[in-house]
Amino acid sequence: MSSFRIMSTMATVIAIAFACGTSVFSYLAWTSATLPACAELNPIGGYRSAASDFWALPLFSALVAIVVEKSRKDRRTFQQVKDLDVTIFELSGFRVTFGMFLVYSVLFGTIAISAIMTSYSAMRYAAISTQCG
């Protein structure tokens with residue numbers, strides 16, 4: 001089960017990286033939106049620019065990172081991988097069990113959501129900084 005530990009640690013690192021990226025892009029967008037040229041505009045570049053709009057995505061990304069980290073440390077998740085040890089795919093020594101598929105698809109699915117939030121934050125920052133900067 002060392003593969004579970006390695007993959008879940010990798011998922012945690014990726015989730016934290018996306019949370020940091022979302023936070024940085026949201027902060028940069030907020031600083032661009034508070035420039036005198038854009039202080040009165042709402043929406044800016046097609047994006048809402050209230051303070052809560054700049055806090056929502058970083059907080060949700062942090063929540064995703066916390067959920068991924070909790071699932072990595074949870075014994076029930078580890079036990080589920082062990083209990084569902086039914087091979088569904090095997091290729092020259094590489095074996096994927098149903099438990100691995102189930103747990104990893106949930107882990108990396110939540111990370112995909114975080115990646116979408118990071119890309120949205122980057123696009124929002126680019127649009128706001130282009131219009132205000």
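The values are calculated or read from the model by the stated rules, or taken from the named source; none is laboratory data. In this text the structure is predicted, and so the values were computed from the model without any measurement. Here Cβ is always computed from backbone atoms with ideal geometry, including for glycine, and neighbour counts include all displayed protein chains. Each accessible area value is taken on the protein alone, full model and side chains, heavy atoms only, with ligands, DNA and RNA left out. Shrake-Rupley method; radii C 1.70, N 1.55, O 1.52, S 1.80 Å.
Of the residues D74, D53, the single one that is free of Cβ contacts under 8 Å to residues at least 40 places away in the same chain, closer than 22 Å to S129 by Cβ and surrounded by 12 or more Cβ atoms within 10 Å (Cβ to Cβ) is D53.
Just give me the residues in the stretch 18-50 being assigned to a helix (DSSP H, G or I) and open to solvent by 70 Å² or more (accessible area, probe 1.4 Å), in sequence order. Hits for the stretch 18-50 are C20, V24, Y27, W30. All of (1) modelled with pLDDT under 85; (2) more than 18 Å from I16 (Cα to Cα); (3) open to solvent by 30 Å² or more (accessible area, probe 1.4 Å) hold for V81 with one exception: (3).
The set of residues from the stretch 84-95 being surrounded by 10 or more Cβ atoms within 10 Å (Cβ to Cβ) and of a type outside the set (A, V, I, L, M, F, W, C) comprises D85, T87, E90, R95. Only residues that are among the polar types (S, T, N, Q), within 26 Å of M7 (Cα to Cα) and touching a residue at least 60 places away in the same chain (Cβ under 8 Å) were counted across the stretch 18-50, and they come to 1. Please determine whether any residue of the stretch 82-93 is touching a residue at least 24 places away in the same chain (Cβ under 8 Å) and either under 30 Å from T31 (Cα atoms) or not basic (K, R) (or both). No; the residues of the stretch 82-93 include none that is touching a residue at least 24 places away in the same chain (Cβ under 8 Å) and either under 30 Å from T31 (Cα atoms) or not basic (K, R) (or both).
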